[in-house]
1. Taking the chain as the reference, fit the longest principal axis to its C-alpha atoms, fit the long axis of helix 103-112 to the helix C-alpha atoms, and give the angle between the two in degrees, 0 to 90, nearest 10.
2. Measuring from a point 7 Å past the Cα of residue 36 along Cα-to-C-beta, which residues in the range 49-63 have an amide N at less than 15 Å?
3. Could you name the lysines in cross-link range of residue 201, using Cα to Cα under 16 Å and dropping any fewer than eight places away on the same chain?
4. Helix 220-229 versus the longest principal axis of the chain: what angle, 0 to 90°, nearest 10, using Cα atoms?
5. How far is helix 10-21 tilted, in degrees, relative to the longest principal axis of the Cα atoms in the chain, given as a value from 0 to 90 rounded to the nearest 10?
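Derivation of every value follows stated rules applied to the coordinates shown; laboratory data play no part. What you see is a predicted model; the values in this text were computed from it and never measured. Glycine also receives a Cβ, built like all others from the backbone with ideal geometry; neighbour counts cover every protein chain displayed.
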Amino acid sequence: MNCIIVDDDKLSCQILEGYVSKFASLNLVGSFNDSVAARNILTQRNDIDLIILDVQMPELNGFDFIGSLDFPPNIIIVSSADEYAMKAFDFNVVDYLLKPITYGRFCKAMDKTKKYFSRKDITNTGDEEIFIKKGSSLVKLKLKDIVYIEALENYVTLNTNDDKFTIHFTMKAIEIQLPSDVFIRVHRSFIVNKSAIQTIKENSLDLNVGDSQKNIPVGKSYRESLLDDINVMAR
């Protein structure tokens, strides 16, 4: 995985660089004390898989940094304060490490990144489990249990048969994270679980959501790819 470190504490950067160098699976692309400079690099290349990111930085703090990205890669937050932990999981970060960071704790974060969140390695059929913030708790959710996803400005809602979760994510970013054999985008504001589709109409489709049905619009630019993707016996 290609990674970058973004931390205005130079000593912290040096420690993290040392930890990264011990992982054969990690390639350190750059280490930045300036979050604006780091963002500029991310806009120029699309092969960064992991950002190790401090929260408290001048000009652009860690959360503003994440929110400014259309396609956030995997992110591990590092911070000297624990007060930002719950907010961090609103941004769907992989892990939250408190400074001073031990090598053992760093290893656990990396194992978690490789196992659950590597965007290039998602080839599962929806059995992968993620943790989503619900109130003050983190709830475990299987990807295949998501029936549909709806965009709400800078947030998205993950809808299951009997619950709803709102996270700070863009549709483009979450579409990258989802297994394409389970989910398909049918509208600029909707991604659906293909197994939940009951009826496809001219400009919409019906999803089975629990004991009821939900009508979802189908955008003109998405209809052809939807029909190509599913098993249609007659066209």
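1. Its long axis makes an angle of about 10 degrees.
2. Within reach of a label on residue 36: 57-62.
3. The reachable lysines, counting only those whose Cα sits under 16 Å from residue 201, are 214, 220.
4. That helix lies at roughly 80 degrees to the long axis.
5. The two axes meet at around 60 degrees.
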